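Undergrad: Here it is, the structure in full.
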Amino acid sequence: MSEPVANIEDVEHTPKRLERARTTHGDERRRSLVLAAYDLIAEKGFEDLRTRDVAMRAGVNIATLHYYFASKEDLIDGVVDYLLDLFSSEASRDLQLDFSTPLGHLHAMYQNTVYRMRTMPKMFVVLGELVMRSQRHPELERAMQRMDEQWMQYLGWILAEGVAQGQFRADLDPETTAKKIIVVVKGVTFSYVWSRQEVDFEGMLQIVERLVLPERSQGDV
């Protein structure tokens with residue numbers, strides 16, 4: 001009796017299925033290594049981060065780690081990408097964020113940041129550690145610059161839209177103002193992380209509003 005003939009679609013799609021399976025497995029392995037590095041930076045700091053410790057935490061050997069990340073710099077880039085994903089994702093559906101206006105985008109950024117600081121402190125411990133150590137490590141400085149550039153791009157778009165729609169000051173320079181907002185937010189967040197004490201989050205929002213809103217609107221927000 002002859003063997004049943006396989007469905008032609010199954011035969012054609014088998015290589016694609018195998019490729020998807022390999023890709024999924026590879027993505028999971030990369031993610032486990034990034035999360036291991038992320039946790040170790042939070043626990044021990046950047047300068048005590050060792051790739052062998054990362055591999056051990058992820059449950060793989062050092063050769064496997066270097067298959068996915070050729071260098072420590074590549075691994076740190078993966079951690080930065082993970083931080084960017086965290087920042088760009090919605091913090092909580094309970095926040096009722098309003099993205100209908102440029103000012104709404106700024107308020108949403110503020111609400112997301114405060115929520116994450118209170119519920120995901122490890123995220124800011126890692127970020128603060130990377131920012132602080134970037135002064136002495138050029139490869140880390142490049143990674144932090146990439147993060148700031150994406151933040152600048154997002155803020156620049158919000159601010160330009162606010163000016164175009166007449167919601168923000170007509171004389172506002174998006175690039176300069178974006179830099180000022182980043183300094184304000186970093187100052188408050190890192191103060192919160194390093195002091196472990198409550199800080200004036202509402203004051204942070206008021207400073208940002210003073211930077212962008214026409215004087216007549218500041219008391220009406």
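No value in this document is a laboratory result; all are computed from the given coordinates. Here the structure is a predicted model, which means the values were calculated and not measured. Neighbour counts run over all protein chains shown; Cβ positions are idealised from the backbone, glycine included.
Undergrad: Beyond 13 Å, how much of the Cα-Cα pair distribution for the range 131-175 remains, as a whole percent?
TA: Working: 588 of 990 pairs.
Considering the range 131-175, 59 percent of its Cα-Cα pairs are separated by more than 13 Å.
Undergrad: In nanometres, what is the gap between the two model label sites at Glu161 and Tyr115, each 7 Å from Cα along Cα-to-Cβ?
TA: 1.8 nm
Undergrad: Expected output is a single nm value to one decimal: the length gained when fully extending between His66 and Glu139, i.e. 0.36 nm times separation in residues minus the C-alpha distance. What is it?
TA: Full-extension gain reported as 24.5 nm.
Undergrad: Where does each of Thr64, Thr176 land when they are ranked from fewest to most other beta-carbon atoms within 10 angstrom? Let's see the in-between values first.
TA: Values: Thr64 14, Thr176 11.
If I rank by nearby Cβ atoms, fewest first, I get Thr176, Thr64.
Undergrad: Sorted by mean Cβ packing within 10 Å, highest first, what order do the peptides 96-103, 55-62 take?
TA: Values: 96-103: 13.9, 55-62: 15.6.
With the highest mean Cβ count within 10 Å placed first, the list reads 55-62, 96-103.
Undergrad: Compute the FRET efficiency between Glu198 and Asp94 as 1/(1 + (r/R0)^6), taking r as their Cβ-Cβ distance and R0 = 22 Å, and round to the nearest 0.05.
TA: Numbers: r = 21 Å, r/R0 = 0.94.
Efficiency at R0 = 22 Å is approximately 0.60.
Undergrad: Here is a follow-up. Let's test the formula: R0 of 41 Å, r as the Cβ-Cβ distance of Asp171 and Asp74. What FRET efficiency results, to the nearest 0.05? Could the numbers behind the result be given before it?
TA: Working: r = 43 Å, r/R0 = 1.05.
With a Förster radius of 41 Å, E is 0.45.
Undergrad: Follow-up. Leaving out same-chain residues fewer than 8 places away, which lysines sit with a Cα under 22 Å from that of Lys44?
TA: Lys72, Lys122, Lys186
Undergrad: Could you tell me the extents of the range 87-218's C-alpha atoms along the three principal axes, largest first, rounded to whole Å?
TA: Here the spans come out as 41, 33, 24 Å, largest first.
Undergrad: How big is the dipole moment of the range 125-186 about its Cα centre under a simple scheme where the beta carbon of each Lys and Arg is +1, that of each Asp and Glu is -1, and everything else is neutral? Debye, nearest 20, please. Walk me through the intermediate numbers first.
TA: Working: 8 positive and 9 negative charges, 44 e Å.
That gives the range 125-186 a dipole magnitude of about 220 debye.
Undergrad: A further question on this structure: Kindly write out, for the range 179-195 in residue order, the coupling ³J(HN,Hα) from the Karplus curve 6.51 cos²θ - 1.76 cosθ + 1.60 (θ = phi - 60°), rounded to whole Hz, with x marking Gly and Pro.
TA: So the Karplus estimates, Gly and Pro as x, are 4, 5, 5, 4, 4, 4, 5, 4, x, 5, 5, 6, 4, 5, 5, 7, 8 Hz.
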